[in-house]
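The values are calculated or read from the model by the stated rules, or taken from the named source; none is laboratory data. From a predicted model like this one, the values you see are computed outputs, not experimental measurements. All Cβ positions, even for glycine, are placed from backbone atoms using ideal geometry, and neighbour counts span all protein chains on display. For the accessible areas, the whole protein counts, side chains as well, though only heavy atoms, and no ligand, DNA or RNA atoms are used. Shrake-Rupley method; radii C 1.70, N 1.55, O 1.52, S 1.80 Å.
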Amino acid sequence: NVFEVAFTDNPDLQPERSRNFDVGIEQSLLSGIVNLGVTGFFNRYDDLIVTVGRTLGGASRYRTDNISNARANGLELSGDARAPMGLSLHIAYTFLDTETLEVDGLPAAPPPFKPGDPLIRRPRHQTVIHAGYERKRLNGFAEVQQRSETLDLEPNFAGSTYPNPGYAVFNAGVSVTLTRNIDVFVRGLNLADREYEEALGYPALRRSGIVGVRIAASR
């Protein structure tokens, strides 16, 4: 990016590179009422640009260089089902395995990371369960979003990493169609009033509600 080009003394600085491979399969059952899917993904990141500093001084003579590497592999599972009376269910689960790799030419990783550390803000386990209801003028949903612990940076001191605890959040809502162009909706977010931080140091909103009117210009 412009910042990396402007603040380097390396005339040979190159774009970062990645190699990505995905493979998956989807299967429909019961005449399309149930749909299942599974996808595996394998990502390798090479030539990542980092500030060299004293810790990585033996890997490059420049201020910044393409010497860092990482990987991220995982598996995604999903299932969708539609039942009579307008009921639906969506379930998705992601397993993610990430790793900070050694820089080119040294058995070390860019500080504050060590080789083998997970990448920041990448949960190892993540799950979404979403139930919906749609019937004439009425629509409703209830969902649970879950995320496991992640590695994160202390916002006031970027030189240290800390664990950010996992959490589960429950949301629900309903909307009613009053006329062809007007809907009224109510949503409740974080109904269990869970304390959590998506990014370390930035607390998420506690239990809250939204009430509104949606007006469509045309339908």
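When only alpha carbons are used to place a centre, the range 93-152 and the range 66-84 end up 9 Å from one another. Sorting Glu197, Glu26, Glu102, Glu149 by solvent-accessible area of protein heavy atoms yields Glu26, Glu149, Glu102, Glu197, largest first, with a 1.4 Å probe.
Placing +1 on the Cβ of every Lys and Arg and -1 on the Cβ of every Asp and Glu, with no other charges, gives the chain a dipole of roughly 1140 debye about its Cα centre.
Stokes-Einstein diffusion for the chain at 10 °C, viscosity 1.306 mPa s, with a Kirkwood radius from C-alpha pairs, works out to 75 µm²/s.
Of the accessible area of the range 1-127, computed with a 1.4 Å probe over protein heavy atoms only, carbon and sulfur atoms account for 57 percent.
The value obtained for the range 1-73, namely the Cα convex hull volume divided by the number of residues, is 116 Å³ per residue. Computed over the chain with a Gaussian network model linking Cα atoms closer than 10 Å, the most mobile of Thr127, Thr161, Thr177 is Thr177.
Using C-alpha pairs under 8 Å with a sequence gap of at least 6, the mean separation divided by the residue count of the range 61-216 gives a relative contact order of 15 percent. Compute the accessible area per residue over the chain, keeping the other protein chains in place, probe 1.4 Å, unit Å². Value returned for the chain: 63 Å² of accessible area per residue.
Only one residue of Gly86, Thr98, Gln27 has its Cα farthest out toward the positive end of the dipole of the range 11-110, where Lys and Arg carry +1 and Asp and Glu -1 on Cβ, and that residue is Thr98. Using the Stokes-Einstein relation with a Kirkwood hydrodynamic radius computed over Cα pairs, the translational diffusion coefficient of the range 37-88 at 37 °C and a viscosity of 0.692 mPa s comes to 221 µm²/s.
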